[in-house]
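The next block holds one structure in the form of structure tokens; read it before the comments.
The values are calculated or read from the model by the stated rules, or taken from the named source; none is laboratory data. These figures come from a predicted structure and were not determined experimentally. In this analysis, Cβ positions are derived from the backbone assuming ideal geometry, glycine residues included, and neighbour counts consider all displayed protein chains. Side chains are part of the model used for accessible areas, which takes the heavy atoms of the whole protein and leaves out ligands, DNA and RNA. Shrake-Rupley method; radii C 1.70, N 1.55, O 1.52, S 1.80 Å.
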Amino acid sequence: MKNLTIRPINTGYVPTHPLQYHYHFSCAPYLKGVPSEKVPLPVFTFLVEGGDKLLLVDTGMAWTERANDYHHPGSWQEPGMAIHEQLEKLGYKPEDIDIVVFTHLHWDHMFYVEKFKNATLIAHEREWEFANNPIPLYYKSYEHPALGITRPFEGLEFTTVSGETEIMPGVRVFETFGHSPGHISVEIDTKNGSYICAGDSIFVKGNLNEIPELHYNISPPGRYYNIVEAWKSIEIQKARAKNSDFLLLCHDKDLEELVKTTPVLGL
Ligand SMILES: [Zn+2]
């Protein structure tokens with residue numbers, strides 16, 4: 001058994017309204033301390049070191065103008081925050097990455113993918129299909145050519161998966177649909193236990209909370225493709241993870257605090 005470790009890397013910030021994105025509107029009366037104004041959320045990717053192969057979960061968001069002009073106004077990526085720039089600071093080039101696995105193919109999870117020239121690019125077959133043929137409601141999320149821009153994955157070859165699949169020793173992907181049609185989570189075995197990179201299938205840790213007044217066993221998110229699948233994906237991961245510390249969310253503000261003192265997980 002290899003000693004895999006996980007390094008969360010934040011690639012920028014996207015401001016979102018908690019009651020539009022993080023939580024379903026029905027939760028609103030029961031939430032405490034949720035701001036009514038937009039909150040800038042980080043956009044994490046995860047570098048997995050110590051294995052047979054060097055693996056990256058997602059490649060993160062775009063530069064400021066692209067994020068701002070086509071996606072969420074007020075988004076930003078500070079100089080040096082792009083994924084390839086941060087890998088460089090750690091002593092890696094994008095060409096050194098063997099596998100990039102994408103939780104899903106929304107714009108903020110896959111920018112700069114073309115720089116990973118030697119990597120096997122992995123996504124769920126349902127996600128790959130929808131990313132290439134979205135309905136107009138999702139043109140922005142997947143940067144459809146109708147917007148007059150070149151989408152990040154244009155011309156690239158992907159390896160698609162389905163069901164639960166081991167993508168390298170100690171790393172499994174499993175289906176967590178709902179936020180997007182083919183969303184997957186990535187489970188990584190470390191000396192410390194198994195962590196789950198949950199992408200956007202759990203938007204904030206508060207999605208794990210019960211709301212007894214409504215008979216809710218979780219607090220559903222506000223942004224989804226299919227709320228039934230999204231609900232079940234949260235249930236599945238709540239049961240599968242040792243505890244919520246082992247759930248690594250792409251947009252988790254608390255993770256930003258944690259990495260200040262603990263930059264590498266699984267040691
Ligand atoms: Zn996202």
- Rounded if a/c under 1.5, otherwise prolate or oblate - the chain, Cα gyration tensor axes: rounded
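Sorted by accessible area (1.4 Å probe), largest first, how do His183, His17 line up?
His17, His183
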- C-alpha center-to-center spacing [the stretch 210-247, the stretch 138-191] in angstrom: 20 Å
- Say we join alpha carbon atoms closer than 10 Å with springs in a Gaussian network model of the chain; which of Ile236, Ile188, Ile135 then has the biggest fluctuation? Ile135
- Item | Dipole magnitude of the stretch 5-261, debye to nearest 20 (Cβ charges: Lys/Arg +1, Asp/Glu -1, about Cα centre) | 440 debye
- Residue by residue through the stretch 4-14, the couplings from Karplus 6.51 cos²θ - 1.76 cosθ + 1.60 with θ = phi - 60°, in Hz, x for Gly and Pro, are 6, 10, 10, 10, x, 10, 8, 10, x, 9, 10
- Using θ = phi - 60° and the Karplus form 6.51 cos²θ - 1.76 cosθ + 1.60, what ³J(HN,Hα) does each residue of the stretch 200-212 get, whole Hz, x for Gly and Pro? 9, 5, 10, 7, 9, 4, x, 5, 7, 6, 6, 10, x
- List the aspartates and glutamates whose Cα lies under 17 Å from the Cα of Lys191, skipping any in the same chain that are fewer than 8 positions away. Glu49, Asp52, Asp245
- Message: Apply the Karplus curve 6.51 cos²θ - 1.76 cosθ + 1.60, θ = phi - 60°, to the phi angles in the stretch 122-129 and return the couplings in whole Hz, x for Gly and Pro.
- Response: 10, 8, 5, 4, 5, 6, 4, 4
- Message: What does the charge count around Val34 come to, taking other residues whose C-beta lies under 13 Å from its C-beta (Lys +1, Arg +1, Asp -1, Glu -1)?
- Response: +3
- Message: Let's test the formula: R0 of 25 Å, r as the Cβ-Cβ distance of Ser36 and Ser244. What FRET efficiency results, to the nearest 0.05?
- Response: 0.50
- Query: Around His124, which amide H atoms from residues at least 5 apart in sequence, or from another chain, sit under 5 Å from its own amide H, with H modelled in the peptide plane?
  - Reply: Val161
- To the nearest 10 Å², what's Lys242's accessible area with a 1.4 Å probe? 140 Å²
- Message: Charges at C-beta only: +1 for Lys and Arg, -1 for Asp and Glu. How large is the resulting dipole of the stretch 143-267 about its Cα centre, in Debye rounded to 20?
- Response: 180 debye
- Query: If Lys and Arg each add +1 and Asp and Glu each add -1, what is the summed charge of the other residues whose beta carbon sits under 10 Å from the beta carbon of Ile218?
  - Reply: 0
- Computed [θ] at 222 nm, deg cm²/dmol, the chain (DSSP H ≥ 4; -39,500 (n - 2.57); rounded to nearest 500): -5000 deg cm²/dmol
- Item | Loop GluC sites (Glu not before Pro), the stretch 3-90 (other Cβ atoms within 10 Å of the site Cβ: 13 or fewer; DSSP) | Glu37
